[in-house]
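Enquirer: Here it is: the structure, laid out below.
The values are calculated or read from the model by the stated rules, or taken from the named source; none is laboratory data. No experiment lies behind these values; they were computed from the predicted model shown. Every residue, glycine as well, gets a Cβ built from its backbone with ideal geometry; the counts of neighbours run over all protein chains shown.
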Amino acid sequence: MLQRRGTRISGLTAALAAVLLGASRAEAQGCDQRAMPNPVYPGDPGSAWAPSVMGSGAIGITGTNPRSGNGSLEAWTTGSLLDWSFFRMASEGAAWGLLSDVNCVSFEWWRDAPGSGDPLEATWVNQTPAFRILVKDGDTYSQLIWEGWYNGAGPTANGVWNFSDLTNQVFWRHYDGGIDYTYGGCANQSFQGSATLLTFSMASWVEQCYSATAQVYGIMLGLGSYWPASYHAFLDNVQLSFEETGFAVEDNFELPETAAPEPGTLILVGTGLSALAGSGYLRRRRKS
């Protein structure tokens, strides 16, 4: 009887431990707004991030409008319909995880106020930067694209940092097969207008148009194309995680810190400068 009770207690203890572990994991996998722990520096040969630009678009890590440190990703388009400015990171080997397993994707962004002569249509007044999830499903490749407009967002809050959790929001699809856009019935067609583009959450895209084995192999964030006016934005603190494997991306765009001399070195430098100044003074005294 005691043994059975002990077995039962052990079982309860194990169950409790499992619950606590699950809670801890859920907390670790949260999609909260935060400063990401992995700095990404401009020109770092070890970084998987790379610019993808067309036309007069431009993008790069600068200190113009820092966020969570001393830098952020700055992007421009000029109003040319062919402008495109994105930062891209993709796996060169195995994909990061299943599309159906994504449990967090978010980023922070800033939009400068539109110009006085910009279009007044809601599609432009509400235009956020875009976030693209790169998907491989068998031998086919596509991109799920998030923009605030397709999620019922109102006019963008300009001149401030915005946090967007995309995990349960809707995306439209760009199909990398020559027929670029996906409309009703998962049919890929040439562009027929944005109002009728098929939009789903990631989970619904898997249910409706992808196989259960569709994989995420990369992301892109930035501006364009076919945007009708100039756009200036900043982006930072990108995260993407999966239920089974955890975070694949936790990146913060930064500038390298300027190396500061050690305190001991400062003393030596100061002593050396004092000695030089003293010797100069003595030379001046001898000449006088």
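Enquirer: Could you tell me which residue of the range 207-241 is surrounded by the most Cβ atoms within 10 Å (Cβ to Cβ), considering only residues that are within 20 Å of Asp112 (Cα to Cα) and more than 21 Å from the chain's Cα centre (by Cα)?
Expert: Filtering the range 207-241 for residues that are within 20 Å of Asp112 (Cα to Cα) and more than 21 Å from the chain's Cα centre (by Cα), the one surrounded by the most Cβ atoms within 10 Å (Cβ to Cβ) comes out as Ser230.
Enquirer: Okay, next question. Would you be able to say whether some residue in the range 104-123 is farther than 30 Å from Thr64 by Cβ and crowded, with 16+ Cβ neighbours inside 10 Å?
Expert: Among the residues of the range 104-123, not one is farther than 30 Å from Thr64 by Cβ and crowded, with 16+ Cβ neighbours inside 10 Å, which makes the answer no.
Enquirer: For the range 199-216, indicate whether the set of residues that are at pLDDT below 55 and over 24 Å from Ser164 (Cβ atoms) is non-empty.
Expert: no
Enquirer: Could I ask something else about it? On the given criteria, is Ser164 over 22 Å from Phe234 (Cβ atoms), of a type in the set (Gly, Ala, Ser) and surrounded by 14 or more Cβ atoms within 10 Å (Cβ to Cβ)?
Expert: no
Enquirer: Scan the strands (runs of 3 or more DSSP E) fully inside the range 129-175 and keep the ones with 3 or more residues being closer than 19 Å to Asn103 by Cα and in contact (Cβ under 8 Å) with a residue 60 or more places away in the chain.
Expert: 130-137
Enquirer: Taking the options Gly63, Gly46, Gly57, name whichever one is surrounded by fewer than 12 Cβ atoms within 10 Å (Cβ to Cβ) and either touching a strand residue (DSSP E or B) at 6+ places or on another chain (Cβ under 6 Å) or at pLDDT 50 or above (or both).
Expert: Of the residues listed, the single one that is surrounded by fewer than 12 Cβ atoms within 10 Å (Cβ to Cβ) and either touching a strand residue (DSSP E or B) at 6+ places or on another chain (Cβ under 6 Å) or at pLDDT 50 or above (or both) is Gly46.
Enquirer: Does the range 83-97 contain any residue that is closer than 24 Å to Leu166 by Cα, of a type outside the set (Val, Ile, Thr), surrounded by fewer than 14 Cβ atoms within 10 Å (Cβ to Cβ) and in the same structural domain as Phe107 (by TED's automatic domain parsing)?
Expert: There is at least one residue in the range 83-97 that is closer than 24 Å to Leu166 by Cα, of a type outside the set (Val, Ile, Thr), surrounded by fewer than 14 Cβ atoms within 10 Å (Cβ to Cβ) and in the same structural domain as Phe107 (by TED's automatic domain parsing).
Enquirer: Hey, another quick one. What are the residues in the range 194-236 that are outside any strand (DSSP E or B) and of a type in the set (Ser, Thr, Tyr), if any?
Expert: If the condition is that a residue be outside any strand (DSSP E or B) and of a type in the set (Ser, Thr, Tyr), then Ser194, Thr196, Ser201, Ser204, Tyr210, Ser211, Thr213, Ser225, Tyr226 are the ones that fit.
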